[in-house]
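**Student:** One structure follows; several queries about it will come next.
Where a number appears in this text, it was derived from the coordinates with a stated rule and is not lab data. From a predicted model like this one, the values you see are computed outputs, not experimental measurements. Heads up, the Cβs are rebuilt from the backbone with ideal geometry, glycines too, and the neighbour counts pull from every protein chain shown.
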Amino acid sequence: MQTVRILRFLALGLLIPALIVVYGVLFWGMPEVVTPPERCPEPYGGERLERYEDPLTGLGFVRLPAGCFWMGSPEDEEGRSPHEGPRTYQHVKAFYMGETPVTRGAFARFVAETGYVTDAEKEGISWVYTGSRWEALAGYSWKNPGHAQTEEDPVVHVSLQDARAMASWMSRRGRQYRLPSEPEWEYGARGGSSASRFWGDDLIALASYANVADFSARSRFPGWIVAPVDDGFVFTSPVAAFLPNAYGLHDMLGNVWEWCDTRYSASAYQHERFFRPGPKDPVVIRGGSWYTRPEGVRSASREFMGRGRRWGQDVGFRLVLEKRD
């Protein structure tokens with residue numbers, strides 16, 4: 001009798017954990033499998049990467065190698081926010097990423113061929129910096145950004161929907177374009193580096209690699225807290241005006257915030273889940289901009305826009321090429 005009781009006790013002890021696992025799967029789904037370090041491809045060794053130029057827009061794309069990286073920031077990284085952790089180990093497949101943000105000239109070609117009207121133009125307002133705060137004002141759009149731009153500057157005042165529309169237009173003749181996911185974006189931004197910025201942690205080097213809030217900006221806006229450098233630009237700069245990272249990508253940090261096609265969640269890293277946003281979801285933006293303080297211009301820094309429908313003077317986008325002709 002004692003033996004039977006022991007067997008029943010052991011069976012119950014095995015059954016309860018099994019039921020907990022089944023219950024968890026039904027409620028939360030199967031946990032995402034992250035490739036362990038020993039199964040990751042060899043780290044990028046600096047070899048020449050394949051480049052592709054889109055025939056419609058002239059935008060360049062670089063084929064990033066498959067790899068693994070720690071996404072997010074360590075707890076002791078200066079400027080870190082809680083939603084940048086805990087760090088999660090991500091495996092990224094090879095893909096083509098835009099060398100630069102989409103330019104005003106490339107966006108103009110899309111509009112000229114399709115007659116597309118942006119959300120800012122439809123609603124008649126967009127967010128601009130007035131010198132003391134951000135305000136939604138009438139008359140501003142990608143055509144009238146609120147500061148001087150060349151055709152090689154990144155397009156701004158574009159929504160998530162506007163970015164998706166251009167990607168759809170470019171996806172023809174066997175090519176398939178889209179916005180990057182948040183893990184893809186950070187993988188590209190790091191360029192193989194685990195430092196806070198792809199060139200390291202030196203703030204003085206910002207002047208060579210990124211257009212951020214600096215002495216040029218403070219000459220126009222005296223109250224700003226800025227980086228101790230002068231990059232020569234108050235607002236946006238022409239793309240590729242600064243040095244690229246190891247993958248050959250320019251402006252991954254600074255110049256304009258970039259849309260990611262990922263739903264924002266403060267706890268995303270805890271669950272290692274990154275979903276495409278629905279119509280009412282907040283959307284991740286990455287990279288910082290000409291307006292951003294130096295502590296916010298880091299590879300792990302992340303922000304969001306509500307519902308993908310807040311467009312403004314410092315928000316643009318970069319595309320990835322999933323399938324080429």
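**Student:** Under a Cβ-only charge scheme (Lys and Arg +1, Asp and Glu -1), can you give me the dipole magnitude of the chain about the Cα centre, in debye to the nearest 20?
**Tutor:** Values: 37 positive and 40 negative charges, 242 e Å.
Value, rounded to 20: 1160 debye.
**Student:** Ordered by packing density, taken as the mean number of other Cβ atoms within 10 Å over each peptide's residues, highest first, how do 214-221, 168-175, 57-64 rank?
**Tutor:** For the peptides 214-221, 168-175, 57-64, the packing ranking is 57-64, 214-221, 168-175.
**Student:** Further question on the same structure: Would you mind getting the Kirkwood hydrodynamic radius of the chain from its Cα pairs, rounded to one decimal in Å? Write down the numbers at each step before the final one.
**Tutor:** Details: mean 1/r = 0.0475 Å⁻¹.
One decimal place: 21.1 Å for the Kirkwood radius.
**Student:** How would you rank Cys40, Cys68, Cys260, going from fewest to most other Cβ atoms within 10 Å of each one's own Cβ?
**Tutor:** Details: Cys40 15, Cys68 18, Cys260 28.
Going from sparsest to densest Cβ surroundings: Cys40, Cys68, Cys260.
**Student:** Any chance you could check the Cα centroid distance between region 47-108 and region 248-325 for me, in angstrom?
**Tutor:** For region 47-108 versus region 248-325, the Cα centre distance is 11 Å.
**Student:** Within 10 Å of each residue's Cβ, count the other Cβ atoms and sort Lys280, Lys93 from fewest upward.
**Tutor:** Starting with the residue having the fewest Cβ neighbours, the order is Lys280, Lys93.
**Student:** Also, I was wondering about something else. Would you please give the FRET efficiency between Glu78 and Gln270, computed as 1/(1 + (r/R0)^6) with r the Cβ-Cβ distance and R0 = 25 Å, to the nearest 0.05? Working shown, then result.
**Tutor:** Numbers: r = 22 Å, r/R0 = 0.90.
Efficiency at R0 = 25 Å is approximately 0.65.
**Student:** Name the residue farthest towards the positive end of the dipole of the chain from the options Val297, Ala167, Val62, assuming +1 on Cβ of Lys and Arg, -1 on Cβ of Asp and Glu, about the Cα centre.
**Tutor:** Result: Ala167.
**Student:** If each of Lys93 and Ala66 carries a label point 7 Å out from its Cα toward its Cβ, how far apart are those two points in nm?
**Tutor:** For Lys93 paired with Ala66, the spin-label model returns 0.9 nm.
**Student:** Taking H placed 1.01 Å from N in the peptide plane, check which residues at least 5 places from Tyr96 or on another chain put their amide H under 5 Å from its amide H.
**Tutor:** The answer is Leu64, Leu321.
**Student:** Moving to a separate point now. Using a Förster distance of 35 Å, how high is the FRET efficiency between Phe221 and Arg39, based on the Cβ-Cβ distance and rounded to 0.05? Write out the running numbers ahead of the final one.
**Tutor:** Values: r = 49 Å, r/R0 = 1.40.
Working from the Cβ atoms, E equals 0.10.
**Student:** A follow-up question, please. Ranked from highest to lowest mean number of other Cβ atoms within 10 Å per residue, what is the order of the peptides 103-111, 248-256? Write out the running numbers ahead of the final one.
**Tutor:** Details: 103-111: 20.3, 248-256: 26.9.
Output ranking for 103-111, 248-256: 248-256, 103-111.
**Student:** Relative to the longest principal axis of the chain, what angle (0 to 90°, nearest 10) does the C-alpha long axis of helix 160-170 take?
**Tutor:** That works out to roughly 80 degrees.
**Student:** I'd like the Kirkwood hydrodynamic radius of region 170-325, using the inverse of the mean 1/r over distinct C-alpha pairs, in Å.
**Tutor:** Working: mean 1/r = 0.0618 Å⁻¹.
Final number for the Kirkwood radius of region 170-325 is 16.2 Å.
**Student:** Moving to a separate point now. With θ taken as phi - 60° and the coefficients 6.51, -1.76 and 1.60, list the Karplus ³J(HN,Hα) couplings across region 283-295 in order, rounded to whole Hz; mark glycine and proline as x.
**Tutor:** 10, 6, 10, 9, x, x, 8, 4, 8, 7, 5, x, 5
**Student:** Let me ask another. Just the number, please: percent antiparallel of the DSSP beta bridges in the chain, rounded to the nearest 5. If you can, show how the numbers build up before the last one.
**Tutor:** Details: 31 of 34 bridges.
Here the share of antiparallel DSSP bridges comes out near 90 percent.
**Student:** On to the next question. Using a cut-off of under 16 Å, list every residue of region 172-189 whose amide N is near the label point 7 Å from the Cα of Tyr116 along the Cα-to-beta-carbon line.
**Tutor:** Taking a point 7 Å out along Cα→Cβ of Tyr116, the residues of region 172-189 whose backbone N falls under 16 Å are 172-173, 175-180.
**Student:** Name the residues whose placed amide hydrogens come within less than 5 Å of the amide hydrogen of Tyr264, ignoring near sequence neighbours (fewer than 5 apart) on the same chain.
**Tutor:** Val283, Val284
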